[in-house]
Amino acid sequence: MAAFWKSKSEPQPESLILPQHVGIIMDGNGRWAKKRGLPRKAGHTEGARTFRKIARYCSEIGIKYLTVYAFSTENWKRPEDEVGALMKLFDSYLKEAISDFKDDDIVVRFIGDKSSFSPELQALMIENEECSKDRDGMVLNIAMNYGSRDEIVRAVKNICSDVQNGKITEEQISEQLVSDYLYTAGQPDPDLIIRPSGEYRISNFMLWQSAYTEFVIMNKLWPDFQKSDMDEALRIYSQRNRRYGGV
Ligand code: IPE
Ligand code: IPE
Ligand code: MG
């Protein structure tokens, strides 16, 4: 049960504002393993465990949208054995997730370019999306082979072709329309992005969507991240004064 936040069936304390959409840059797996003299892939295994725990916790306390950054368009440049280990981990996660999240009401979505993954992984991603699409709980976006610049380039290309084929007119292009061509179409922008591992950068994550997002950088490495760290990030968010350029 939630240590600090109430479960979604109970009202949250009035002084606390729960973000609707939270993004997490799940970083620090490699350093976690290195500190223990383990191969980097051991850090990824532990990171996957943390992901399951935190995703379920977010759903329990009533977060409506959670986007986790699992693999970036730039992560392919890592050594072959590390990329191979990550693909194996995705495979076993995706197989387990179908039954693991069966009793949850979580809707699973993958954001990013699926086409670079093996046909088996692509099929598993689609199966996970299909079997969860009619649920009514938290939307969990798993960003895999996701890069926000790539996402924006795709959006621009699709907008151009839709103008050319007459589906839309140039005059209709607006901030809202651009948002509607992104992987996160129809979802609210993230209110809060958490980056564990102490790095102060965005690393190509939700560049368009994070125009007015609050950032919380935490010093914990992702595999060490606990529900209490989530509580802490949410508490910090709750105290922020969001002005959106106003006064
Ligand atoms: C995040 O942890 C996981 C992925 C990017 C796939 P890292 O592997 O980046 O861990 P550090 O940053 O090297 O510690
Ligand atoms: C960002 O972490 C990507 C994910 C967590 C999936 P990286 O470790 O790839 O980012 P940099 O290299 O520190 O910017
Ligand atoms: Mg990293």
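Counting only residues that are within 20 Å of residue 142 (Cβ to Cβ) and outside any helix (DSSP H, G or I), how many does segment 25-52 have?
4
For segment 197-205, indicate whether the set of residues that are open to solvent by 20 Å² or more (accessible area, probe 1.4 Å), away from ligand 3 (no atom under 16 Å from the Cβ) and either more than 21 Å from residue 64 (Cα to Cα) or not in a helix (DSSP H, G or I) (or both) is non-empty.
Scanning segment 197-205, I find no residue that is open to solvent by 20 Å² or more (accessible area, probe 1.4 Å), away from ligand 3 (no atom under 16 Å from the Cβ) and either more than 21 Å from residue 64 (Cα to Cα) or not in a helix (DSSP H, G or I) (or both), so the answer is no.
Starting from residues that are out of contact with any strand residue (DSSP E or B) (no Cβ under 8 Å at 6 or more places or on another chain), part of a loop (DSSP other than H, G, I, E, B) and open to solvent by 20 Å² or more (accessible area, probe 1.4 Å), keep the ones in segment 222-247 and report whichever is nearest to residue 68 (Cα to Cα).
226
Tell me, yes or no, whether segment 85-108 has at least one residue that is among the basic types (Lys, Arg), modelled with pLDDT of 95 or more and not in a helix (DSSP H, G or I).
Checked against the condition, which is being among the basic types (Lys, Arg), modelled with pLDDT of 95 or more and not in a helix (DSSP H, G or I), segment 85-108 yields no hits at all.
On the given criteria, is residue 34 within 10 Å of ligand 1 (Cβ to nearest atom), of a type outside the set (Asp, Glu) and in contact (Cβ under 8 Å) with a residue 24 or more places away in the chain?
No; evaluated as a whole, the condition is false for this residue.
Is it the case that segment 182-190 has a residue that's part of a helix (DSSP H, G or I) and of a type outside the set (S, T, N, Q)?
No - not one qualifying residue is present in segment 182-190.
Tell me which residues, restricted to segment 116-138, are in contact (Cβ under 8 Å) with a residue 40 or more places away in the chain and under 25 Å from residue 74 (Cα atoms).
Scanning segment 116-138 gives a single hit, 116.
Within segment 168-183, is there a residue that is without any contact (Cβ under 8 Å) to a residue 24 or more places away in the chain, open to solvent by less than 50 Å² (accessible area, probe 1.4 Å) and closer than 21 Å to residue 65 by Cβ?
Yes, segment 168-183 has at least one match.
Within segment 53-84, can you find the residues that are open to solvent by less than 50 Å² (accessible area, probe 1.4 Å), part of a helix (DSSP H, G or I) and more than 11 Å from ligand 1 (Cβ to nearest atom)?
Answer for segment 53-84, where residues must be open to solvent by less than 50 Å² (accessible area, probe 1.4 Å), part of a helix (DSSP H, G or I) and more than 11 Å from ligand 1 (Cβ to nearest atom): 54, 55, 57, 58, 59, 61, 84.
Between residues in segment 95-115 that are more than 21 Å from residue 183 (Cα to Cα) and aromatic (Phe, Trp, Tyr) and residues that are at pLDDT 90 or above and assigned to a helix (DSSP H, G or I), which pairs lie under 8 Å by C-beta distance while being six or more apart or on different chains?
From segment 95-115, the pairs are 101/132.
The values are calculated or read from the model by the stated rules, or taken from the named source; none is laboratory data. Just so it is clear, the structure is predicted and the values come from calculations on it, not from any experiment. Quick reminder, even Gly has a Cβ in these numbers, built from the backbone with ideal geometry, and neighbours come from all protein chains shown. Surface areas here come from the heavy atoms of the whole protein model, side chains and all, with no ligands, DNA or RNA. Shrake-Rupley method; radii C 1.70, N 1.55, O 1.52, S 1.80 Å.
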